[in-house]
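Worksheet for the structure shown next.
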Amino acid sequence: MSIKILYELHFFIISIISGVILLLVYDLLRILRRIIKHNDIIVVVEDLLFWIASSLWLFSIMYKENNGIIRAFSILGMLIGSIAYNYFISDLFVGSISFVINKIIQPFKHIIHKVKTILGKFLKIIYKRLNKCIVWVKIRLYKRKKATTLQKEKAHEK
């Protein structure tokens with residue numbers, strides 16, 4: 001084989017590996033979403049940041065390995081790598097890693113839930129007491145204002 005063909009084969013294999021790595025990183029994001037519940041806005045922001053970072057990373061690989069030239073076979077290699085990873089590995093990887101991490105943090109989730117419950121009750125008591133203080137201050141300020149107004153009216157009467 002000529003050196004040019006070996007170089008193109010090397011670049012094609014790098015493209016396949018890049019597709020696998022790209023989907024592997026996205027699977028890590030999926031695992032994080034399974035462990036920590038996200039709302040829709042956070043998911044959109046995470047996806048946007050992921051695709052920006054991915055495009056910069058893919059561009060750097062294209063630039064480093066092929067002088068920035070986007071070739072159809074490199075895109076095909078990335079597609080082959082990501083489709084193969086998605087079809088054969090992705091679901092098993094996400095499911096098993098999520099399961100293991102959830103089993104590891106399960107006792108801590110119970111503890112965190114208890115702490116949140118106790119903290120919530122404590123904060124509720126503090127909130128009620130602060131509300132009482134605020135009401136008391138408002139009453140005192142109202143009485144002071146009323147007394148000052150009465151004094152001014154008496155001073156005007158004289």
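We did not get these values from a lab; they are worked out from the coordinates using the rules stated. Keep in mind it's a predicted model, so treat the numbers as computed, not measured. All Cβ positions, glycine included, derive from the backbone under ideal geometry; neighbour counts span all protein chains shown.
Is there a residue in region 73-81 that is in contact with a helix residue (DSSP H, G or I) (Cβ under 6 Å, 6 or more places away or on another chain) and more than 30 Å from residue 13 (Cβ to Cβ)?
Checking region 73-81: not a single residue is in contact with a helix residue (DSSP H, G or I) (Cβ under 6 Å, 6 or more places away or on another chain) and more than 30 Å from residue 13 (Cβ to Cβ).
Checking residue 46 against (1) in contact with a Lys or Arg (Cβ under 9 Å, 6 or more places away or on another chain); (2) exposed (fewer than 11 other Cβ atoms within 10 Å of the Cβ); (3) of a type in the set (Asp, Glu), only one condition comes out false. Which one?
Of (1) in contact with a Lys or Arg (Cβ under 9 Å, 6 or more places away or on another chain); (2) exposed (fewer than 11 other Cβ atoms within 10 Å of the Cβ); (3) of a type in the set (Asp, Glu), only one is false for residue 46: (2).
In region 38-55, is there at least one residue being within 15 Å of residue 12 (Cα to Cα) and either in contact (Cβ under 8 Å) with a residue 60 or more places away in the chain or assigned to a helix (DSSP H, G or I) (or both)? Give the derivation first.
Filtering region 38-55 for residues within 15 Å of residue 12 (Cα to Cα) gives none.
No, region 38-55 has no match at all.
Could you tell me which numbered condition residue 103 fails, if it satisfies all but one of (1) over 22 Å from residue 32 (Cβ atoms); (2) among the basic types (Lys, Arg); (3) loosely packed, with under 12 Cβ neighbours inside 10 Å?
Going through (1) over 22 Å from residue 32 (Cβ atoms); (2) among the basic types (Lys, Arg); (3) loosely packed, with under 12 Cβ neighbours inside 10 Å one by one, residue 103 breaks only (1).
Pull up region 56-82, narrow it to residues that are free of Cβ contacts under 8 Å to residues at least 40 places away in the same chain and either hydrophobic (A, V, I, L, M, F, W, C) or touching a Leu at 6+ places or on another chain (Cβ under 7 Å) (or both), then point me to the one that is farthest from residue 34 (Cα to Cα).
Per the criteria, the residue is 69.
Are any of the residues in region 92-99 over 25 Å from residue 14 (Cβ atoms), of a type outside the set (Gly, Ala, Ser) and surrounded by fewer than 11 Cβ atoms within 10 Å (Cβ to Cβ)?
For region 92-99, residues over 25 Å from residue 14 (Cβ atoms), of a type outside the set (Gly, Ala, Ser) and surrounded by fewer than 11 Cβ atoms within 10 Å (Cβ to Cβ): absent.
What residue, of 87, 142, is part of a helix (DSSP H, G or I) and surrounded by fewer than 10 Cβ atoms within 10 Å (Cβ to Cβ)? Please lay out each step first, then the result.
On the way: 142 fails: surrounded by fewer than 10 Cβ atoms within 10 Å (Cβ to Cβ).
The unique qualifying residue is 87.
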